[in-house]
Amino acid sequence: MTADVFPTAGLVERAAAAFTASVPGSPADDGFFGPGSVTWRLNGDLSAPVAGLRSLLVQALHPLAMAGVDQHSDWRADPVGRLSSTAAYLVTITYGDKASARRAADRVRKIHERVRGTDAVTGRPYAAGDPDLLIWVHAGLVDSVLAAADLFGNPVSAPDRDAYVAEMTVAAELVGVPAGRAPSS
């Protein structure tokens, strides 16, 4: 999405374009979280870019998740594009109206349908839509947001940590984690 808007721009320009393109100017509703949610507060914290980078590093620790990224994306040629696309998705899920969030999740699920193969290192098969892999990526994101906020943003209280985990189960289910399988508080 952002490569089309700013094909040669850097991280800041493409991230800004991703944000602008991801949230409707006149949203139909407050989305799945709303302005009073912990999700809006934490995902908008200045520590969010650190959380995004950490999340991608945690994702890469799972050999099957990394095999999927390596074999089905152009992250080596365009790492900024990969980061911007992920950021655009998260911004849409967080701040977009429900229809926009569902459309973004539908796009991700459709991409995940064709991301399957065999990890060249372990010889194990993978599928991006596998609930266990989805949970790994989701939990890595949630943990990264909380860790980055504690280290570089505003520390998160125990009740707000629980609320964030609970709120983010919606995001997990939108992308394909079966109801009741996402980590909850």
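The values are calculated or read from the model by the stated rules, or taken from the named source; none is laboratory data. These numbers were taken from a predicted model, which means no experiment stands behind them. Here the Cβ is made from the backbone with ideal geometry for all residues, glycine too, and neighbour counts use every protein chain on show.
For the reader, a short list of remarks on this structure follows.
- One residue alone among Gly176, Gly153 is touching a Gly at 6+ places or on another chain (Cβ under 7 Å) and in contact (Cβ under 8 Å) with a residue 60 or more places away in the chain, and that residue is Gly176.
- Long-range neighbours under 9 Å by Cβ, at least six apart or interchain, first residue free of Cβ contacts under 8 Å to residues at least 40 places away in the same chain within the range 106-126, second among the aromatic types (Phe, Trp, Tyr) and assigned to a helix (DSSP H, G or I): Arg107/Tyr89
- Residue match in the range 60-78 (condition: within 14 Å of the chain's Cα centre (by Cα), closer than 29 Å to Ser157 by Cβ and not basic (Lys, Arg)): no
- Any hit, the range 72-88, residues being within 19 Å of Pro178 (Cβ to Cβ) and either modelled with pLDDT under 90 or in a helix (DSSP H, G or I) (or both): no
- Test for Ala99: is it at pLDDT 90 or above, more than 19 Å from Ala147 (Cβ to Cβ) and among the aliphatic types (A, V, I, L, M): yes
- Just one of the numbered conditions (1) farther than 21 Å from Gly34 by Cβ; (2) aliphatic (A, V, I, L, M); (3) touching a residue at least 24 places away in the same chain (Cβ under 8 Å) is not true of Ala158: (3).
- Annotation: of all residues in the range 65-90 being in contact with a strand residue (DSSP E or B) (Cβ under 6 Å, 6 or more places away or on another chain) and of a type outside the set (A, V, I, L, M, F, W, C), the one that is farthest from His138 (Cα to Cα) is Gln71.
- Qualifying position, being assigned to a loop (DSSP other than H, G, I, E, B) and either out of contact with any Ser or Thr (no Cβ under 7 Å at 6 or more places or on another chain) or buried (at least 19 other Cβ atoms within 10 Å of the Cβ) (or both), among Gly140, Gly117, Gly123: Gly123
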